[in-house]
Number of protein chains: 2
Amino acid sequence: MRTVSVFGSTGSIGCNTLSLLGAEHHVKVLTAARNAAKLADQAIAHKAELAVIEDETLLPELTSRLSGTSVRATAGQTALIEAAQEPVDWAMSAIIGSAGLAPTLALAGSARTLALANKESMVCAGELVNAKCAASGCQLIPVDSEHSAIFQALAGQDSKQVRRVLLTSSGGPFRTWSLAQMKEASLADTLNHPNFSMGQRITIDSATMFNKALEVIEAQQLFAVTSEQIDVVVHPQQIVHSMVEFQDMTILAQLGSPDMRGAIGYALHYPQRKPLPIEPLDFMTLSRLDFEPPDETRFPALRLAREVLVHGGLTGTVFNAAKEVALDKFIAGHIGFLDMADLIAYVLDRLVEESAVQHSTEGLDIVMGMDKSARDIGQTWRPT
Amino acid sequence: MRTVSVFGSTGSIGCNTLSLLGAEHHVKVLTAARNAAKLADQAIAHKAELAVIEDETLLPELTSRLSGTSVRATAGQTALIEAAQEPVDWAMSAIIGSAGLAPTLALAGSARTLALANKESMVCAGELVNAKCAASGCQLIPVDSEHSAIFQALAGQDSKQVRRVLLTSSGGPFRTWSLAQMKEASLADTLNHPNFSMGQRITIDSATMFNKALEVIEAQQLFAVTSEQIDVVVHPQQIVHSMVEFQDMTILAQLGSPDMRGAIGYALHYPQRKPLPIEPLDFMTLSRLDFEPPDETRFPALRLAREVLVHGGLTGTVFNAAKEVALDKFIAGHIGFLDMADLIAYVLDRLVEESAVQHSTEGLDIVMGMDKSARDIGQTWRPT
């Protein structure tokens, strides 16, 4: 029996994680932000010991839905962190955004294996997460398809012999748009692309390649590589999930159907590879894979990410906070599509020296303080 | 200091192997079939202990070229096998054709690590080579780029969790030819393709995909997979050297520039990956990778290989011997391009039952006897 907790169980990563659990897994904790009904259903179906709802006002609903079952119910931020401190064989950290930071850190101290789907943890506090894992002996396994691919390509290899990691990117919905088109892109343009149906913020992150910038920063923290050792390759088909080049010029690549259960299942069964309910790749109908260099003029996000890689410290926190402000302003219709990167560049420029010498290992308060400074400066930015 | 021997040192694999040796390598044995001048030069340059020339009539020339040096010279088949029985840390088996069989078997008993470039050893006597390696503890590492890729993709993975191995093939010079064109293809057509400049026999093997058929048979012996677990994918760019699909539907692929020093260097430094003088892949100019299914109507070689996989035993020996006869007859102008596969099919058909129940583990004499039977039957075949 392996004990398992899923933080953020009602989102798509959480639901897919639960769908892969088997008879050998015993569920300890499930958590959700606000969806008490779904959380209760999941907790009952998976015979969880504890269900935690972040929004305290929803505790009565959760308790009522769980009455007559053996599942305990708690609520609020303190309860969430306490639940994350429960020792467990395997935990999934899939809470979205900076709300996932504190639970991830607690899980890094209490889980034997931590599957990490929360990007912000590594972008804003990678040094701290790594230090926590090193101290507790927790095995960190990334669940983003790109980082999972790199992790898989590195299995059984000597990471000191890595020359480069190559993150692939779909290029997003504006891959073939001109700079002039992108300048005029509206929120509706950004959200209405036929090939992409995701949430609003993640779609904007994809269209701007902010998402890829976060992944580049995350890769540096996960795989201890320098700025020169990270490259992004645009690959529209999203079949090659990412690659590692070694010093003998060999490249190992991980390929698969675009299905998040691949990376989740890998993390769940690691170091085993158990059968997963995923479509195999069919090279007979696949026909071709395309690759092209990313255009840093149209996608300045990648240039900004490189600034973060070079300066380190808490510059990742600054990037992430400024990006959140930029998205708020674009969604509100106050700034244009290309303004978003200008806002981030402005904030980074103001804070780069100060943030580069601060480290998340000094504590989460330092991180949250820098996050606030970046948001405040971001609010002052105006298009020129 | 690691002791190293190179069998077949004057061919392209041998020369490339020598070019990768460093100060940490001490050369014990170098061998060549007939090129005494080059062998002597190599032996002197690499301070070898012993140089062996297979053609005994060339011993005086070799001895004279080595006079005044510390390199000993011997000649002939017995001397070759004796040299292969010398204990050594690392050996390269790169003698071409069935002449490489006996030295490979001897090396499997005396080398700690055996880099294998001789296809026929695994095709004709794979069970015997595997048994020899198991008995002596010799680590076998394939040097064909396809098998090296599979070996690399399997490093650190559990081979019991493999779903399929996918061998890539350039498709050869006739990839886009029609069946009617291929029927009329002359020796000159086969040899004059602009993108392919190799030796005569290997070019025919490439154009017919006999070469890929041998590799399929070799893969079964090297990786202990069934017929259902081996597929061939045509990939004209030859950048993806081969792939392994696991039961979780993940594919790990090895990519690189088409440079044989990649696989040789990997085998030389295994399990390390040391820097090699190879061009890195440039995804910014690479632009696309194509894949297509092989056409078994135009390339019956793959269908015949599958027959060998299913029947096992010494059917690989039969395939290889019949193929050699077919090439002789095509080169002599006695049969047409598509007749070659018909001849092999005819011989396989006559010998499949008898050869399937015989095994190379019974001894090399049994293998050579089956080889002769197949050649004799092949000689009797006439186009209908």
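Could you list, in sequence order, all residues of the range A:251-277 that are touching a helix residue (DSSP H, G or I) at 6+ places or on another chain (Cβ under 6 Å), part of a loop (DSSP other than H, G, I, E, B) and at the interface with chain B (Cβ under 7 Å from one of its Cβ atoms)?
Listed by number, the residues that qualify are A:Gly256, A:Arg273, A:Leu276.
Each row is one residue, and each column tells you yes or no for (1) over 24 Å from A:Ala99 (Cα atoms); (2) touching an Asp or Glu at 6+ places or on another chain (Cβ under 9 Å); (3) loosely packed, with under 15 Cβ neighbours inside 10 Å.
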{"site": "A:Val318", "(1), (2), (3)": "no, yes, no"}
{"site": "A:Ala322", "(1), (2), (3)": "no, no, no"}
{"site": "A:Asp342", "(1), (2), (3)": "yes, no, no"}
{"site": "A:Ser360", "(1), (2), (3)": "no, yes, no"}
{"site": "A:Lys372", "(1), (2), (3)": "no, no, yes"}
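Looking only at the range A:102-136, count how many residues are modelled with pLDDT of 95 or more, within 28 Å of A:Glu307 (Cα to Cα) and out of contact with any strand residue (DSSP E or B) (no Cβ under 8 Å at 6 or more places or on another chain).
Looking only at that region, the number is 11.
Among the residues of the range A:295-308, is any within 14 Å of another protein chain (Cβ to nearest Cβ) and in a loop (DSSP other than H, G, I, E, B)?
Looking through the range A:295-308, at least one residue is within 14 Å of another protein chain (Cβ to nearest Cβ) and in a loop (DSSP other than H, G, I, E, B).
Of the residues B:Leu214, B:Leu222, which is surrounded by 19 or more Cβ atoms within 10 Å (Cβ to Cβ), touching a Lys or Arg at 6+ places or on another chain (Cβ under 6 Å) and more than 10 Å from every other protein chain (Cβ to nearest Cβ)?
B:Leu214
What is the one condition in (1) modelled with pLDDT of 95 or more; (2) within 12 Å of chain B (Cβ to nearest Cβ); (3) touching a Lys or Arg at 6+ places or on another chain (Cβ under 8 Å) that A:Ile230 does not satisfy?
Condition not satisfied by A:Ile230: (2).
Matching residues to (1) of a type in the set (A, V, I, L, M, F, W, C); (2) farther than 21 Å from B:Leu327 by Cβ; (3) free of Cβ contacts under 8 Å to residues at least 40 places away in the same chain:
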residue	(1), (2), (3)
B:Met122	yes, no, no
B:Cys138	yes, yes, yes
B:Pro142	no, yes, no
B:Gln152	no, yes, no
B:Asp158	no, yes, yes
B:Ser169	no, no, no
B:Met182	yes, no, no
B:Leu187	yes, no, no
B:Arg201	no, no, no
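Inspect all residues belonging to the range A:280-290 and state whether any of them is outside the structural domain of A:Asp339 (by TED's automatic domain parsing), part of a loop (DSSP other than H, G, I, E, B) and either farther than 22 Å from A:Phe151 by Cβ or touching a residue at least 60 places away in the same chain (Cβ under 8 Å) (or both).
Yes; the residues of the range A:280-290 include at least one that is outside the structural domain of A:Asp339 (by TED's automatic domain parsing), part of a loop (DSSP other than H, G, I, E, B) and either farther than 22 Å from A:Phe151 by Cβ or touching a residue at least 60 places away in the same chain (Cβ under 8 Å) (or both).
Kindly evaluate B:Asp158 against the criterion of being assigned by TED's automatic domain parsing to the domain that holds B:Val52 and surrounded by fewer than 24 Cβ atoms within 10 Å (Cβ to Cβ).
It is false that B:Asp158 is assigned by TED's automatic domain parsing to the domain that holds B:Val52 and surrounded by fewer than 24 Cβ atoms within 10 Å (Cβ to Cβ).
Count, please, the residues in the range A:117-154 that happen to be under 26 Å from A:Arg261 (Cβ atoms) and part of a loop (DSSP other than H, G, I, E, B).
5
The values are calculated or read from the model by the stated rules, or taken from the named source; none is laboratory data. Note that the structure is a prediction, hence the values are computed from the model and not measured. Cβ sites come from the backbone with ideal geometry, for glycine too, and all protein chains shown count toward neighbours.
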